[in-house]
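Beneath this line is the structure, given in structure tokens, with notes to follow.
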Amino acid sequence: TGLKAPVAGLAPDHEALAGTEEGGPASAKWTRGAELHAFGVCRPCLFAFIEDGCKNGAGCSYCHLEHTRSQRTRPCKSIRTRCKRLVEGLDANMTAESGNTAQH
């Protein structure tokens with residue numbers, strides 16, 4: 001059986017989600033964390049779309065509705081490490097330079 005969303009006191013966008021028929025896509029994914037989905041401030045559940053699914057079900061404080069991925073992808077680890085080393089080197093140079101100017 002699908003989960004029924006609580007309808008009372010929901011925003012209009014949420015009432016549309018709550019009104020989906022039993023077993024429909026939105027009713028099966030409704031969670032406590034999905035309450036802010038229509039406003040774009042919910043946090044997606046990392047376990048909702050894996051094979052075993054989320055063990056918290058409707059009580060999950062994260063959203064189980066589908067989200068679009070952010071446009072910005074994370075650089076691979078080697079590039080992140082290289083950038084981190086570059087920043088550390090720049091910080092070290094700036095610290096050394098500020099120490100040298102203080103002594104003059």
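I'm checking my understanding of the structure. Among residues of the stretch 47-102 that are assigned to a loop (DSSP other than H, G, I, E, B) and small (Gly, Ala, Ser), which one is modelled with the lowest pLDDT? Before the answer, list the steps.
Restricting attention to the stretch 47-102, the residues satisfying the condition of being assigned to a loop (DSSP other than H, G, I, E, B) are 47-56, 60-62, 64-76.
Subsequent filtering for residues that are small (Gly, Ala, Ser) retains 48, 53, 61, 70.
Details: 48: 87, 53: 88, 61: 91, 70: 68.
Looking at the filtered set, the residue picked out is 70.
Kindly check whether there is at least one residue in the stretch 17-32 that is of a type in the set (Val, Ile, Thr), surrounded by 10 or more Cβ atoms within 10 Å (Cβ to Cβ) and at pLDDT below 65.
Step one: of the stretch 17-32, the residues of a type in the set (Val, Ile, Thr) are 20, 31.
So of that shortlist, the ones also surrounded by 10 or more Cβ atoms within 10 Å (Cβ to Cβ) come out as 20, 31.
Going one step further and asking which of them are at pLDDT below 65, we end up with 20.
Within the stretch 17-32, one or more residues are of a type in the set (Val, Ile, Thr), surrounded by 10 or more Cβ atoms within 10 Å (Cβ to Cβ) and at pLDDT below 65.
Return the residue satisfying two criteria in turn: it lies in the stretch 39-98 and is among the hydroxyl-bearing types (Ser, Thr, Tyr) and within 13 Å of residue 29 (Cα to Cα), and of such residues it is surrounded by the most Cβ atoms within 10 Å (Cβ to Cβ). Even if it seems obvious, please write down each step before you answer.
Initially, the stretch 39-98 is screened for residues among the hydroxyl-bearing types (Ser, Thr, Tyr), giving 61-62, 68, 70, 73, 78, 81, 95, 98.
Checking which are within 13 Å of residue 29 (Cα to Cα) leaves us with 61-62.
Details: 61: 13, 62: 17.
It comes out as 62.
The values are calculated or read from the model by the stated rules, or taken from the named source; none is laboratory data. Predicted, not measured: the structure shown is a model, and the values here were computed from it. Note that each Cβ is placed from the backbone with ideal geometry, even for glycine, and that neighbours are counted across all protein chains shown.
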